[in-house]
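The structure appears right after this line, and notes come after that.
Read the figures in this text as sums done on the coordinates, not as results from a lab. Bear in mind that the values here come from a model prediction, so they are computed numbers and not experimental data. Note: ideal-geometry Cβ built from the backbone for every residue, glycine included; neighbour counts use all protein chains shown.
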Amino acid sequence: MNLPLLLLTLCQGLYLTSNVTLIAINGMVGLALAPTPWLATLPVTTYVAGSALGAPLVARHQRRFGRRRTFQLGLVVAMLTAALCALSVVTGQFWLLLASTLAAGYYNANGSLYRFAAVELVQPSAKERAISWVLAGGILGAVIGPQIALHMRDALPQPFAGAYVALIGVTLLTLVLISCIDFPPLPVSEPGAPTGRPMSVMVRQQSFIVAVIVSALSYGVMNLLMAATPIAMAQHSHPFGHAALVLEWHVLGMYVPSFFTGGLIKRFGAPRVMATGVLLNLACVLVALSGVDLMHFLVALLVLGVGWNFLFIGATTLFTEAYQPEEKTRAQAMMDTTIYSTMTVSSFGSGALVTTGGWTWMNVAMVVPLALMAAALGWLVLGRRRSSRALPLPEAQ
């Protein structure tokens with residue numbers, strides 16, 4: 001841990017504060033403003049769709065302007081879009097809410113790169129722990145985000161408008177902190193210098209493929225269940241305070257394990273840690289199918305968060321093996337575009353599934369992406385075993 005990494009960890013915490021608040025309220029605001037209930041999670045969908053569209057643009061801006069200036073630009077966008085979201089609630093304009101959350105995706109695409117920027121602030125041997133420490137900053141979001149959603153819900157006459165206004169202050173504080181971090185310059189290719197391998201070559205690597213599949217599907221599963229939870233709990237007559245409590249424990253599950261996930265990866269390897277994450281996701285589904293009381297929701301979402309942590313940090317660490325320094329911005333943009341595209345589908349599907357099929361069928365459907373992740377990890381392990389067997393034996397002295 002060093003001062004720049006500590007500041008970046010705090011920025012991650014504030015970034016997750018914004019995200020958790022948006023997840024907690026966007027579905028409920030959508031339910032109130034949407035012309036039909038199955039469009040309730042569309043504001044969540046436009047947020048992640050904007051992130052998918054913004055990821056390549058953020059990569060270009062980071063190559064041109066550097067990490068800090070691009071992060072600052074993303075935070076300015078966040079403040080403006082939070083103000084527009086509040087205006088959409090006050091005026092009751094659903095489509096303004098969608099446009100605002102779509103534009104806010106540029107900020108989300110920026111914040112998702114904090115984990116990669118962390119690697120640049122430490123020695124290469126500490127990359128696993130740097131990723132874990134920065135993601136551990138999400139604990140701040142776990143505590144503050146649901147409280148903003150709960151206590152600022154009725155701060156203004158229109159429900160949840162005050163929560164959007166509060167996010168302006170959160171983002172302003174993040175802007176101050178990010179401005180104090182001196183990020184190392186990104187590699188710049190001189191005219192005629194190699195720019196790295198073509199993307200078509202990078203995407204054929206087994207580590208690249210598995211890291212992208214696992215990170216995208218783990219985020220998709222987590223996002224689908226998390227976005228639907230406030231609506232599902234309302235359907236089963238739980239007050240909003242219960243939903244805020246469940247989201248708080250869920251996000252704690254997502255980020256508290258980060259204090260030791262890096263060490264586990266260092267000791268046991270990324271594939272084993274990710275496999276444990278798949279089993280935890282399966283346990284989440286089983287708990288969710290066993291009942292709809294408060295503790296069923298809380299335990300299921302807590303276990304889901306821990307499983308996501310193992311899957312996502314493991315996949316991020318595996319992914320750092322798949323690109324060279326001059327390829328990092330293109331590779332990272334490719335990964336995040338895939339993640340946000342998957343989240344776009346899952347967040348839109350969550351609204352349709354939970355309002356038509358219900359909470360039970362939504363959880364049953366999770367078996368498919370979990371099986372795909374397990375198959376991808378099995379393929380990676382088999383491939384590595386074959387590679388190790390193919391290595392020539394050392395000559396006898």
Subset of the stretch 23-66, residues free of Cβ contacts under 8 Å to residues at least 60 places away in the same chain, farther than 30 Å from PRO184 by Cα and assigned to a helix (DSSP H, G or I), comes to PRO43, THR46
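Any residue at all in the stretch 283-294 that is more than 15 Å from TRP359 (Cβ to Cβ), small (Gly, Ala, Ser), crowded, with 19+ Cβ neighbours inside 10 Å and touching a residue at least 60 places away in the same chain (Cβ under 8 Å)?
Of the residues in the stretch 283-294, the ones more than 15 Å from TRP359 (Cβ to Cβ) are 283.
Still in the running and small (Gly, Ala, Ser): 283.
If we keep only those that are crowded, with 19+ Cβ neighbours inside 10 Å too, we end up with none.
Checked the stretch 283-294: no residue is more than 15 Å from TRP359 (Cβ to Cβ), small (Gly, Ala, Ser), crowded, with 19+ Cβ neighbours inside 10 Å and touching a residue at least 60 places away in the same chain (Cβ under 8 Å).
Sort out which residues of the stretch 80-102 are among the polar types (S, T, N, Q) and touching a residue at least 12 places away in the same chain (Cβ under 8 Å), and write them in order of number.
Here is the first cut: in the stretch 80-102, the residues among the polar types (S, T, N, Q) are 81, 88, 91, 93, 100-101.
If the condition is that a residue be among the polar types (S, T, N, Q) and touching a residue at least 12 places away in the same chain (Cβ under 8 Å), then THR81, SER88, GLN93, SER100, THR101 are the ones that fit.
Take ALA142 and decide whether it is within 27 Å of VAL306 (Cβ to Cβ) and touching an Asp or Glu at 6+ places or on another chain (Cβ under 6 Å). Working first, answer last.
Values: within 27 Å of VAL306 (Cβ to Cβ): yes; touching an Asp or Glu at 6+ places or on another chain (Cβ under 6 Å): yes.
Yes, satisfied.
Kindly indicate which of LEU135, LEU167, LEU186, LEU217 is surrounded by fewer than 23 Cβ atoms within 10 Å (Cβ to Cβ) and either outside any loop (DSSP other than H, G, I, E, B) or more than 20 Å from the chain's Cα centre (by Cα) (or both).
Of the residues listed, the single one that is surrounded by fewer than 23 Cβ atoms within 10 Å (Cβ to Cβ) and either outside any loop (DSSP other than H, G, I, E, B) or more than 20 Å from the chain's Cα centre (by Cα) (or both) is LEU186.
May I ask you to list the residues in the stretch 321-357 that are surrounded by fewer than 15 Cβ atoms within 10 Å (Cβ to Cβ) and in a helix (DSSP H, G or I)? Working first, answer last.
Start the filter on the stretch 321-357 by keeping residues that are surrounded by fewer than 15 Cβ atoms within 10 Å (Cβ to Cβ), which leaves 321, 324-325, 356-357.
Result: PRO325, THR356, GLY357.
Residue by residue, here is whether (1) part of a loop (DSSP other than H, G, I, E, B); (2) among the basic types (Lys, Arg); (3) within 25 Å of LEU140 (Cβ to Cβ); (4) out of contact with any strand residue (DSSP E or B) (no Cβ under 9 Å at 6 or more places or on another chain) holds:
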site: MET233; (1), (2), (3), (4): no, no, yes, yes
site: LEU247; (1), (2), (3), (4): no, no, yes, yes
site: LEU252; (1), (2), (3), (4): no, no, yes, yes
site: PHE259; (1), (2), (3), (4): no, no, yes, yes
site: ARG272; (1), (2), (3), (4): no, yes, no, yes
site: LEU286; (1), (2), (3), (4): no, no, no, yes
site: VAL303; (1), (2), (3), (4): no, no, yes, yes
- Query: Can you find a residue in the stretch 79-91 that is in a helix (DSSP H, G or I) and more than 30 Å from GLY241 (Cβ to Cβ)?
  - Reply: yes
Condition check: surrounded by fewer than 23 Cβ atoms within 10 Å (Cβ to Cβ), without any contact (Cβ under 8 Å) to a residue 12 or more places away in the chain and out of contact with any Pro (no Cβ under 9 Å at 6 or more places or on another chain). Does PHE259 satisfy that? no
Within the stretch 39-94, of all residues that are over 21 Å from GLY169 (Cα atoms) and of a type in the set (Lys, Arg), the one surrounded by the most Cβ atoms within 10 Å (Cβ to Cβ) is ARG67
